[in-house]
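Below is one structure, written out as structure tokens; the observations come after it.
The values are calculated or read from the model by the stated rules, or taken from the named source; none is laboratory data. None of these values were measured; they are calculated from a predicted model. Positions of Cβ are backbone-derived with ideal geometry, glycine not excepted, and every protein chain shown enters the neighbour counts. In case anyone asks, the SASA skips ligands and DNA or RNA and just uses the protein heavy atoms, side chains included. Shrake-Rupley method; radii C 1.70, N 1.55, O 1.52, S 1.80 Å.
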Amino acid sequence: QVLDLSEVPPKVALGWCRLLPKGVTARLLVCGGDGTVGWVLSAIEELGLSPPPPLAIFPLGTGNDLSRVLGWGPGSSADDLDSVDALLSNLANASVDRLDRWLVSVKPSRSLLLSRSKRLTMSNYFSLGVDALVALNFDSARRSLPALTGSRMINKLWYFGYGTARPMERVCRYLHRRLTVILDGRPLNLPELEGLVVLNIASWGSGCRPWGSSASPTVSDDSSSAKMSSPASSAAQPGCSAAFPAAIARRRPIRIDGLHSSFHMAQLQLGLAPAIRLGQGSNLQIVLRSGSVPVQVDGEPWLQGPCTFTVAHRGQAAVLRCATDKSQG
């Protein structure tokens, strides 16, 4: 069954899963980017499908970070559909894994009576500051100039342009002075920052892996108080594990990284600078005490005023890991 999500929303498209005979399971192939994948995962959860059909990805987005860690590759095009038999074989032979999903709650300060609370689900990452500013600017360009944001290469050029525009960082300057970050009940000592990134998966920003590249589901768990053992190329801080455990894992902790600036973000993505590893844990609270800051959750950006962000574990989704890893393209 092939369904076009531009014509049929996921909750309607997935309704046929209820018609399957008992004992018959389905596998889904989502053709799109990380946003489309998150949309489908939320629909599966809302429908309460049991067992939930596991999901594979034919990556058509810009970053495709979830596709990368699951082995489906950094990007595809219509030309890749020439070998449909190989694609269906990979789908049939893929192994089922579990993806942690997190609830991001946004509660505005009481003084802002007109502001509304938000509740969003995070599968990939959540960020404040320069990283989110790039996403916000790109989203604005996509809405105003849709004809100029129609290809992956052009979109990456947009991202590069916004990521290197230092005058745009003023709204993010001295962000660390306006934030209080509490991880598993303990406040973090923040260095000078213009961005904060909360990671659920190992890949961020179109393939950058700040915590390492391990994606094995058998990697042992480690807690937020784990002893640090970092390689020379990382700027780890106390409470941080040197390696990201399973990219898709059994209730793994989220990771928190800091960004000095958009230039540091670009260096990190090119492998020219280390990440600022701030901590790892299972319960996160971030208080924005003053001003406004760009925010994004899995590519959905907005400008947020003073508030409290709370990140807590929501549940897990069924996903498929490709047996022939294409993550390196």
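As a ratio to 2.2 N^0.38 Å, the alpha-carbon radius of gyration for the stretch 10-99 is 1.09. Taking Lys and Arg as +1 and Asp and Glu as -1, the other residues whose beta-carbon sits under 12 Å from that of C17 total +3. Taking all protein chains as shown and a probe of 1.4 angstrom, D325 keeps an accessible surface of around 100 Å².
Calculated accessible area for the stretch 10-99 comes out at 47 Å² per residue, all protein chains present (probe 1.4 Å; ligands, DNA, RNA ignored). Here the label points at S292 and K11, each 7 Å from Cα along the C-beta direction, are separated by 3.0 nm in the simple model.
For A86 and R314, the FRET efficiency from 1/(1 + (r/R0)^6), where r spans their Cβ atoms and R0 equals 25 Å, is about 0.15. Full extension of the chain between K22 and R116 yields a length gain of 29.5 nm, computed as 0.36 nm times the residue separation minus the alpha carbon distance.
Largest to smallest in accessible area, the residues K11, K22, K107, K118 fall in the order K22, K107, K11, K118 (1.4 Å probe, all protein chains included).
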